[in-house]
Amino acid sequence: MPDISAGRLAADDYGKNFSDVHPPLGAHEAVVESDRCYFCFDAPCTNACPTSIDIPLFIRKIGTGNVEGAAETIFASNILGGMCARVCPTETLCEEACVRNVAEEKPVRIGLLQRHATDRYLESHSTYGIRAPATGRKVAVVGAGPAGLACAHELALKGHDVTIVEARGKAGGLNEFGIAAYKATDGFAQREVDFVLGIGGITIEAGKALGRDYSLADLRAKYDAVFLGLGLQAVNALGVEGEETAGVVDAVRWIEDLRQSPDKSTIEVGSRVVVIGGGMTAVDAAVQAKKLGADEVTIAYRRGPAEMGASRYEQELAQVNGVRILHWVAPRQVVSEGNAVAAVDFERTALDASGRLTGTGRTLRLAADQVMKAIGQTFVSGPVETVALDGGRIAVDEEMRTSLAKVWAGGDCVRGGEDLTVQAVDHGKRAALSIHAALSA
Ligand SMILES: Cc1cc2nc3c(=O)[nH]c(=O)nc-3n(C[C@H](O)[C@H](O)[C@H](O)COP(=O)(O)OP(=O)(O)OC[C@H]3O[C@@H](n4cnc5c(N)ncnc54)[C@H](O)[C@@H]3O)c2cc1C
Ligand code: SF4
């Protein structure tokens, strides 16, 4: 019988295991850290930030005791600066670019400084920004994830009335349903949603879906502009025999259950867990499985460490938490016993002379009580069938305009993004500025 169960840990351990992965800086620590910044001219950290936050400026403000001003500098560029401070892979963005990121030094801890400023601000402010006088123009935003929320806030700031159509019962998108529990603790995602909506002029129709309750034609007829921030709704299949066996789960759905459960001890996890994939979802699923008390967790990835979607830091985080990462293996079959998973058969892979990934014929069996599929998500185009796609996602120009008049799109559902929260925020804001320009013309 496979060993899958809930409540593997002592009650106290759940709180400890799912506490903040990076504890926030204290006030004194933040000032000391801000002092390490050289306040570079044409700062490389700002250039590396998808939302172009003026990083030296906000760090200087922290250093001079103006923490509120620091937060305002951040929110002026990125209204979800609080979540981005928690989830951005800073090691491949601003902190990688920091001039202090050299062998004998460490980069300035920009993410933690950003969190320090934005957390303080959220403690004492219900929102950021003051709305411009009402324009009388109406915009529909589909999807209340980071892209939709950033777009809605910017439009509301400009005086437009925004209606967000959101398929789920609550807003936040993957900030609420996907991001690892130890990155967004204490209900932060919903607090941030409230902060964004606090600007006014934004109505949310939760539980209403494009493609079911509205067609795109309905929205185009009723509103002056439409923004699509639908994210990715389907998960890729492994395409191997035995995939439907009990105990094989979709990592994104499993993480969603974990995020939504107020009591982590109710989430079932296997004793031996095999996670198939190499991105952030694979690492998040594996680390959280370990934190729930799984005995052995292995991430199995078909290529090498350099090709993994998860950054080097994320890979280290997995290893520090006791997760084994196995490279150059591709799943070939889920082996069952009775009606439940017992193992996964892999074939070792390699690059052939032309650099193509190929099977070597050598196999490997990993015993497993639970298998998590984390090999990527795909865009479901059904609700927007009249919009042109490119590579399976919505095609947009540099202003996030789609092929349809009056329709913009951004975030994970568009072609060419990096599938990061901060990228979605940037898309949403850029689209809002383009919509505003179109409505003001
Ligand atoms: C498990 C996991 C962990 C991740 N961890 C990180 C991380 O640590 N750092 C990071 O930067 N990025 C991370 N990402 C990626 C990041 O979450 C996404 O890039 C980001 O959420 C994309 O924002 P979005 O607004 O485009 O889409 P989403 O966040 O997916 O939001 C889309 C919204 O649209 C709604 N919707 C969909 N279809 C319809 C419809 N037909 N009608 C109405 N509403 C609809 C959905 O319900 C959802 O609320 C992670 C992703 C996953 C899956
Ligand atoms: S690159 Fe580093 S040192 Fe220079 S401004 Fe940015 S954070 Fe400061």
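The values are calculated or read from the model by the stated rules, or taken from the named source; none is laboratory data. Values in this document were obtained by computation on a predicted structure and should not be read as measured data. Here the Cβ positions follow ideal geometry from the backbone for every residue, glycine too, while neighbour counts run over all protein chains shown. Note: accessible area is taken over every heavy atom of the protein model, side chains too, but ligands, DNA and RNA are not part of it. Shrake-Rupley method; radii C 1.70, N 1.55, O 1.52, S 1.80 Å.
Scanning residues 5 or more positions from Arg100 or on other chains, those with amide H under 5 Å from its amide H are Val108, with H placed 1.01 Å from N in the peptide plane. Mind giving me the FRET efficiency for Val32 and Glu316? R0 is 35 Å, r the Cβ-Cβ distance, nearest 0.05 is fine. E(calc), rounded to 0.05, equals 0.90. Here the contact order of the chain, divided by its residue count and restricted to Cα pairs under 8 Å and six or more residues apart, works out to 18 percent.
Here the simple spin-label model places points 7 Å from the Cα toward Cβ, and for Arg303 and Glu418 these points are separated by 1.6 nm.
For the chain, which span is the longest to avoid every loop-located (per DSSP) member of chymotrypsin sites (Phe, Trp or Tyr not before Pro) having at most 12 other Cβ atoms inside 10 Å?
42-441
Across the cross-link table entries Lys158/Lys406; Lys138/Lys429; Lys183/Lys429; Lys373/Lys429; Lys170/Lys291; Lys106/Lys290, which are compared at the Cα atoms, the separations over 22 Å belong to Lys183/Lys429; Lys373/Lys429; Lys170/Lys291; Lys106/Lys290. Surface composition of the range 236-373: carbon and sulfur atoms hold 44% of the protein heavy-atom accessible area at a 1.4 Å probe. The accessible surface of the range 18-124, taken with every protein chain in place and a 1.4 Å probe, is 53 percent carbon and sulfur. Size of the range 80-179 from its Cα atoms: along the principal axes, largest to smallest, the extents are 56, 30, 24 Å.
Taken as Cα centroids, the range 288-317 and the range 119-148 sit 36 Å apart, rounded to the nearest whole angstrom.
Largest first, the three principal axis extents of the alpha carbons in the range 268-422 are 54, 41, 36 Å in whole numbers. In the context of the full set of protein chains, residues of the range 344-437 present 44 Å² of accessible surface per residue (probe radius 1.4 Å, heavy atoms only).
Remark: the Ala246-Glu68 segment gains 58.9 nm on full extension, using 0.36 nm per residue and subtracting the alpha carbon distance.
Note that the range 19-160 shows a convex hull volume over its alpha carbon atoms of 130 Å³ per residue. Placing +1 on each Lys and Arg Cβ and -1 on each Asp and Glu Cβ, with no other charges, gives the range 44-112 a dipole about its Cα centre of roughly 120 debye. Computed FRET efficiency, Cβ-Cβ of Ser126 and Leu433, R0 30 Å: what is it to the nearest 0.05? So, using R0 = 30 Å, E works out to roughly 0.80.
Here the calculated FRET efficiency for Ala405 and Asp295, from their Cβ-Cβ distance with R0 = 41 Å, stands at 0.10, rounded to the nearest 0.05. Extents of the chain, taken as max minus min of Cα coordinates on every principal axis and listed largest first, are 66, 55, 51 Å. Extension gain Leu351-Glu385, at 0.36 nm per residue separation less the Cα-Cα distance, in nm? Stretched out fully, the Leu351 to Glu385 stretch lengthens by 8.5 nm. Rolling a 1.4 Å probe across the protein heavy atoms gives the range 18-124 an accessible surface of 44 Å² per residue. Here the simple spin-label model places points 7 Å from the Cα toward Cβ, and for Val21 and Asp397 these points are separated by 3.8 nm.
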